[in-house]
Amino acid sequence: MRNLFISILIPVIVLIIPIDWIPIAGITIIEQRVLAIFVMAILFWVLEPIPVFATSVVIVTSELLMISNKGLTWFRSGAGAEGFGVLLPYQPFMKTFSSPIIMLFLGGFFLAIAATKYKLDINLARLFLKPFGEKPQNVMFGLMMITAIFSMFMSNTATTALMLAILAPVLMMLEADDSGRIAFTLCIPFAANIGGIGTPIGTPPNAVAMKYLTGETQINFAEWMFFGFPFAMIMLFICWRILLLFFPPKRVSITLTIKSSFLKSWQAYVVYFTFGLTIILWLTGFIHGMNSYVVAMIPVAVFVSTKIISAEDLKRISWDVLWLISGGIALGLALEKSGLSAHMIGSVPFTYLSPLVIVIIATLLSFTMSNFISNTATANLLLPLMAALGTSLPALVEFGGQKMLIIGVAFSCSFAMSFPVSTPPNAMAYATGNVKNLNMIKTGAIIGLLGICMIYDPVDLYPYNS
């Protein structure tokens, strides 16, 4: 109750104080209302007096009531007066629930549900683990590779749940005092977090980032994977070596047996074909001309029309994640269209900082915030500001500009894995009882900070000025 009171009181104060008291030059009444909504979003996402997805709904509703041209009458009185600002159309706020980004993630959810339902995921895991032999170090790397690849197309949480189940027989072979138990347990959530970097649908911050990568900065599915996939693989290798350095296994060999086989029903074959076709289409947009959002609707149409995904299966979709993303899109829309983000950026003396320092500050801020609150919430809060900053400073253009900031912040969100509360995969691994908080903090922080240091190289692989 105390958190709820604070989360409401402070935004109300921001809303009712004289506009001259706000240290943002040129702010209008509409922008003051957006600022109040922005402060409310921060407090609600950090303190969580209500579920994080509910905060997104509150954001959209507040924008419709307070700053749209179809809001409450007394919020519209004064329109046209000097210093009032411009009321925004209500339709774009409503459309955030059906944004192309939402459809992209929906397609990913359909693929994940179908793959799990027809055991494609566990059979691929069995198939991919065979080449890694019986050495504990190699088996661990194999588990991490599979986890990372699955996380590029499936929910990180669902992937972690699957791989922890596969990991159970491995842990049974290790002695209670074998430090390798810690390494094996941590390798799954860390690989899931890192693997999500590889594709636009791998993790919600990537989807939020795609919202701001439009026009000249637009990136399609294949282009994201061009720098995201190799970067994820490099970080996966570094993560593997760090875990082995801190927690080396004592056992000499491990024999892992996964009892499963590919299903041979016509529904299973439809899932196999659709899964492969969708990925191929995502990677070859330059040939067929469809963007990743359009391609994402293909598995949705195929699976519902063939009844592979039933009405009961739809209940398993992470609708809360979709609502959370839509709230972030709506918040970014209000910040941008009202002009508040430009005024906020203009009030900070960024011109006196080098582009490298700006990028470092942005990535460290997103990394720190994501360790304590949802990485999606962090992306929703920071990316609108980074998008405005990237276009307002000419000096940033030579250093990657808007694209560099947006991708850097999105990647940094995925590196926040220092605590059990940082990500759902971390929490699931911690719940096994095999790792202590200090184990996760020590390795997670090192891997995360190394990842941030490496952000600049893989992002530079992309030809910004082409």
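Details
- Any hit, region 95-111, residues being surrounded by fewer than 24 Cβ atoms within 10 Å (Cβ to Cβ), within 22 Å of THR443 (Cα to Cα) and in contact with a Phe, Trp or Tyr (Cβ under 8 Å, 6 or more places away or on another chain): no
- Check on ASP178, crowded, with 18+ Cβ neighbours inside 10 Å, outside any helix (DSSP H, G or I) and of a type in the set (D, E, K, R): yes
- A single entry from VAL295, VAL302, VAL271 fulfils the requirement of being surrounded by 13 or more Cβ atoms within 10 Å (Cβ to Cβ), in the same structural domain as SER155 (by TED's automatic domain parsing) and under 30 Å from LEU383 (Cβ atoms): VAL295.
- Within region 1-25, tally of residues that are surrounded by 12 or more Cβ atoms within 10 Å (Cβ to Cβ) and either touching a residue at least 24 places away in the same chain (Cβ under 8 Å) or among the basic types (Lys, Arg) (or both): 11
- Verdict on VAL348 being part of a helix (DSSP H, G or I), more than 13 Å from the chain's Cα centre (by Cα), farther than 24 Å from PHE190 by Cα and not assigned by TED's automatic domain parsing to the domain that holds MET40: no
- Evaluation of PRO131 against the conditions (1) assigned to a loop (DSSP other than H, G, I, E, B); (2) without any contact (Cβ under 8 Å) to a residue 24 or more places away in the chain shows that the sole unmet condition is (1).
- Here PRO89 fulfils each of the conditions (1) buried (at least 16 other Cβ atoms within 10 Å of the Cβ); (2) not assigned by TED's automatic domain parsing to the domain that holds ASN156 apart from (1).
- The residues of region 234-263 that are surrounded by fewer than 17 Cβ atoms within 10 Å (Cβ to Cβ) and modelled with pLDDT of 90 or more, listed by number, are ILE234, PHE237, ILE238, ARG241, LEU245, PHE246, PRO248.
- Screening region 372-420 for residues that are assigned to a loop (DSSP other than H, G, I, E, B) and among the hydrophobic types (A, V, I, L, M, F, W, C) and picking the one that is modelled with the highest pLDDT gives PHE415.
- Residues of region 76-127 satisfying the condition of being modelled with pLDDT under 85 and of a type in the set (Phe, Trp, Tyr): PHE105, PHE109
This table checks each residue for (1) among the hydroxyl-bearing types (Ser, Thr, Tyr); (2) in a loop (DSSP other than H, G, I, E, B); (3) modelled with pLDDT of 85 or more.
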| position | (1), (2), (3) |
| --- | --- |
| ILE308 | no, yes, yes |
| ARG316 | no, yes, no |
| TRP323 | no, no, yes |
| LEU331 | no, no, yes |
| VAL359 | no, no, no |
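- Residue in region 66-75 that is modelled with the lowest pLDDT, counting only those that are within 20 Å of LEU333 (Cα to Cα) and part of a helix (DSSP H, G or I): PHE75
- Residues satisfying the stated conditions in region 13-65, i.e. over 18 Å from SER341 (Cβ atoms), outside any loop (DSSP other than H, G, I, E, B) and among the β-branched types (Val, Ile, Thr): ILE13, ILE16, VAL46, VAL52, THR55, VAL57, VAL58, THR61
- Residues of region 76-107 that turn out to be in contact (Cβ under 8 Å) with a residue 12 or more places away in the chain and in a helix (DSSP H, G or I), as a count: 13
- Considering (1) touching a Ser or Thr at 6+ places or on another chain (Cβ under 8 Å); (2) more than 30 Å from VAL302 (Cα to Cα); (3) not hydroxyl-bearing (Ser, Thr, Tyr), the lone condition that PHE184 does not fulfil carries the number (1).
- Meets criteria (farther than 19 Å from ILE122 by Cα and in a helix (DSSP H, G or I)) for VAL271: no
- Residue selected from region 132-168 under the condition of a type in the set (Gly, Ala, Ser) and modelled with pLDDT of 85 or more, by the criterion farthest from the chain's Cα centre (by Cα): GLY142
- All of (1) more than 20 Å from the chain's Cα centre (by Cα); (2) touching a residue at least 60 places away in the same chain (Cβ under 8 Å) hold for ASN69 with one exception: (2).
- Here PHE141 passes the criteria (1) under 19 Å from VAL304 (Cβ atoms); (2) among the aromatic types (Phe, Trp, Tyr); (3) out of contact with any Ser or Thr (no Cβ under 7 Å at 6 or more places or on another chain) except the one numbered (1).
The values are calculated or read from the model by the stated rules, or taken from the named source; none is laboratory data. What you see is a predicted model; the values in this text were computed from it and never measured. Because the Cβ atoms are built from the backbone with ideal geometry, glycine has one as well, and the counts that use them run over all protein chains shown.
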